[in-house]
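Structure first, commentary second.
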Amino acid sequence: MSRSDLVSSLRDVSPTILPSMLMCDFGNLASEIETLEEAGVSALHLDVMDGVYVPNFTYGMTIVAAIRKLTELPLDVHLMMVSPEKYIPAFADAGADLITFHVETVDDPLAVVKQIHDQDVAAGVAINLATPVSEIASVLPEADMALVMSINAGFGGQAFNESALKKLDQIRSLPGGKDILLQIDGGINASTIKSATDHGTQLLVVGSAIFKQDDYGKAIETMMSEVTSS
Ligand code: DX5
Ligand code: ZN
């Protein structure tokens, strides 16, 4: 999918839940993805961790490419790694539709956004829990998405940190912040989802609140009912 098609399709379906595949059953990837497709999800969130930037290790482009073969859903690749610029072409080739890097891991975030766009892939820029919004202010007019971490990046299953909510508001008030897609990641569940959408979040990454449930579809429906009911 082209970059502009992806951005408008995500905008159209927002607010929407993007399952984080960190906790899925990798031995049964095809059926896990089929279940999520049947539940009507709009994209999959793939967490790439290098054991250096974050104290956890997951997977790289091989798994992204394997998932690409299993689904036409857009793939939202969240890079938690040092030197992400070295691997952007490889993740684009593997089938990423959106690539998000952490501002803490690069010297020149604008150049990395441009590098991602050169692959006709949408570009996201992420801030970890301790990073202020000012660190991404200059990138907002160029990036397609801003990801605000509501936990310390690295592991699923952590509690939502409310300090993220203020950052969402701050981003919206900055130049370029009105139009950018806003994503939140970490600790989103039926109790926290509404606070995130009330502060303008369009893309809600959810790991344990889906994958620790028996019925993924029902878990997604329950969370969505929190944001759609008045
Ligand atoms: C953690 C990852 C998240 C994680 C979210 O660093 O970026 O995507 O899987 O998991 P939950 O929803 O359990 O916090
Ligand atoms: Zn993530």
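None of the figures in this text is laboratory data; all of them are computed from the coordinates on show. Small disclaimer: the values here were computed from a predicted structure and weren't measured. Quick reminder, even Gly has a Cβ in these numbers, built from the backbone with ideal geometry, and neighbours come from all protein chains shown.
Structure values in brief
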{"quantity": "Compactness of the chain - radius of gyration and Dmax, Cα, Å", "calculated": "15.9, 45"}
{"quantity": "Neighbour net charge for M80 - beta-carbon separation under 12 angstrom, K R +1, D E -1", "calculated": "-4"}
{"quantity": "Within-13-Å neighbourhood charge of D120 [Cβ basis; K, R +1; D, E -1]", "calculated": "-3"}
{"quantity": "Candidates V206, V52, V77, ranked by Gaussian network fluctuation over the chain, Cα under 10 Å, top entry", "calculated": "V52"}
{"quantity": "Exceeding the 24 Å Cα-Cα cut-off - candidates K166/K218; K86/K114; K166/K194; K194/K218", "calculated": "K166/K218"}
{"quantity": "Relative contact order (%) - the stretch 154-230, alpha-carbon pairs under 8 angstrom, separation at least six", "calculated": "31 percent"}
{"quantity": "Length-normalised contact order of the stretch 3-228 in % [C-alpha pairs under 8 Å, at least 6 apart]", "calculated": "20 percent"}
{"quantity": "Calculated [θ] (222 nm, deg cm²/dmol) that DSSP helices of n ≥ 4 give over the chain, each run adding -39,500 (n - 2.57)", "calculated": "-10000 deg cm²/dmol"}
{"quantity": "Length-normalised contact order for the stretch 29-119 - Cα pairs under 8 Å, 6+ apart - percent", "calculated": "27 percent"}
{"quantity": "Fewest-first sequence of K86, K114 by Cβ atoms within 10 Å of each Cβ", "calculated": "K86, K114"}
{"quantity": "Centroid-to-centroid separation of the stretch 23-53 and the stretch 111-134 [C-alpha atoms, Å]", "calculated": "22 Å"}
{"quantity": "Phi-based couplings in Hz for the stretch 89-95 (Karplus 6.51, -1.76, 1.60; Gly and Pro marked x)", "calculated": "x, 5, 6, 5, 4, 6, x"}
{"quantity": "Highest average packing first - 40-46, 173-179, Cβ atoms within 10 Å", "calculated": "40-46, 173-179"}
{"quantity": "Fraction of beta bridges assigned by DSSP in the chain that are antiparallel (%, nearest 5)", "calculated": "5 percent"}
{"quantity": "Difference of contour (0.36 nm per residue) and Cα-Cα distance, D169 to T62", "calculated": "34.9 nm"}
